[in-house]
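Data first, discussion second: the structure below is written as structure tokens.
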Amino acid sequence: MRMTRIVALIPLLFPPLAAASPVLVTGEWYIEDGGTYNVNWSVNNAYSVQNGTLNILPGADIPSVSVGGYGFEPLITMSGGQVDNGILISQGNLTVSGGQSHGWDYSSSATSAGNGAAIYYQSSAQITGGTFIGGNSPVAAGSGFVNAAANVDGKLFLSTLNISGGTFIGGTGSGGGSGGSTGYSLFSGGDTTVTGGHFLSPIAIDTSAGGETDFLGTHLTYQNGILSGLLQNGDPIHVQIYPDFTTATVNASGTEVSFLPSSSTTPLPEPTSALIFGLVTTLVLARRRSHRSH
């Protein structure tokens with residue numbers, strides 16, 4: 001009898017843990033508990049993942065998504081659905097096989113548009129599919145995808161981006177800082193390897209922070225600023241490249257075109273840091289804009 005009473009008291013001493021869930025703070029869902037969450041419906045609030053995994057599935061419609069690892073390794077996966085005002089990854093990981101992410105538009109003559117997706121501060125991204133579209137702005141159109149780099153207080157931060165598929169489109173309205181009259185399909189300042197994908201707007205490459213961008217395929221050429229040939233997965237490429245602080249090399253077999261830091265280049269923290277802060281500001285403004293619209 002005594003043993004039976006002790007057993008009966010155990011649930012009272014150790015109540016079951018409450019089910020974990022994202023926390024809504026000032027109109028934004030925060031994932032901080034290390035859990036895995038799926039979204040396949042339309043939501044009115046942005047998501048911020050600091051510790052855990054967010055799976056964006058077909059049917060999802062999310063205002064914006066951001067990751068801030070801060071010692072953890074958060075993950076965003078996207079196989080369908082859409083993000084209306086961009087994906088921003090800081091110290092985290094992104095895997096995309098489908099869906100669409102669009103940078104926010106801005107009609108003011110004083111504000112740049114948003115990027116479809118961006119990674120920075122030693123993040124990583126694996127892109128095998130999906131569509132990334134930069135926003136439109138008369139000041140500076142957004143890029144489809146940005147791999148940002150920075151030299152902050154003497155410490156180098158490079159992210160890693162692997163693209164084997166997907167579609168990348170820059171916004172309209174004006175060109176970016178590297179030249180051109182439209183947004184970039186891809187801006188690469190970190191370490192980027194491209195083996196597939198469709199790039200429907202110019203590409204900008206800035207190796208001032210020490211990153212390297214490689215295109216792998218067959219019959220690749222780089223002449224008069226145009227990269228042409230077939231990528232490794234068979235996708236054709238014919239795109240204008242705007243290089244900064246960069247030396248381009250093509251191997252003898254035409255299977256690799258590499259954009260490397262030029263020998264005279266020294267890391268320039270101001271431009272790359274400005275790019276990072278611009279990305280952060282853009283996403284914050286986009287969230288405020290999306291909250292007002294809902």
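Points worth noting:
- 12 Å beta-carbon shell around S123, net charge (K/R +1, D/E -1): -2
- Taking a ≥ b ≥ c as the square roots of the eigenvalues of the Cα gyration tensor, segment 47-113 is classed as oblate, since a/c reaches at least 1.5 and a/b does not exceed b/c.
- Computed over segment 27-293, the ratio Rg/Rh where both radii use C-alpha atoms and Rh is Kirkwood: 0.96
- Sorting Y184, Y106 by the number of Cβ atoms found within 10 Å of their own Cβ, with the fewest placed first, yields Y106, Y184.
- In terms of the mean number of neighbouring beta-carbon atoms within 10 Å, the peptides 250-258, 141-149, 73-81 order highest first as 141-149, 73-81, 250-258.
- Each residue of segment 196-206 was assigned a 3J(HN,Hα) from its phi angle through the Karplus expression (A = 6.51, B = -1.76, C = 1.60, θ = phi - 60°), giving x, x, 10, 10, 9, 9, x, 10, 10, 10, 10 Hz with x at Gly and Pro.
- Scalar couplings 3J(HN,Hα) for segment 34-40, obtained by applying the Karplus form with A = 6.51, B = -1.76, C = 1.60 to θ = phi - 60°, are x, x, 10, 10, 10, 10, 9 Hz; x denotes Gly and Pro.
- Computed 3J(HN,Hα) for segment 126-135, one whole-Hz value per residue from the Karplus formula 6.51 cos²θ - 1.76 cosθ + 1.60 where θ = phi - 60°, is 10, 10, 10, x, x, 10, 10, 10, x, x, glycine and proline marked x.
- Look at the alpha carbon pairs under 8 Å that are at least 6 residues apart: their mean separation over the length of segment 27-293 gives a relative contact order of 12 percent.
- Dimensionless Rg ratio for segment 79-166, taking C-alpha atoms and the 2.2 N^0.38 Å reference: 1.11
Quick note: the coordinates plus some simple rules give every number you see, no bench work behind them. Quick caveat: nothing in here was measured; it's all calculated off a predicted structure. Every residue, glycine as well, gets a Cβ built from its backbone with ideal geometry; the counts of neighbours run over all protein chains shown.
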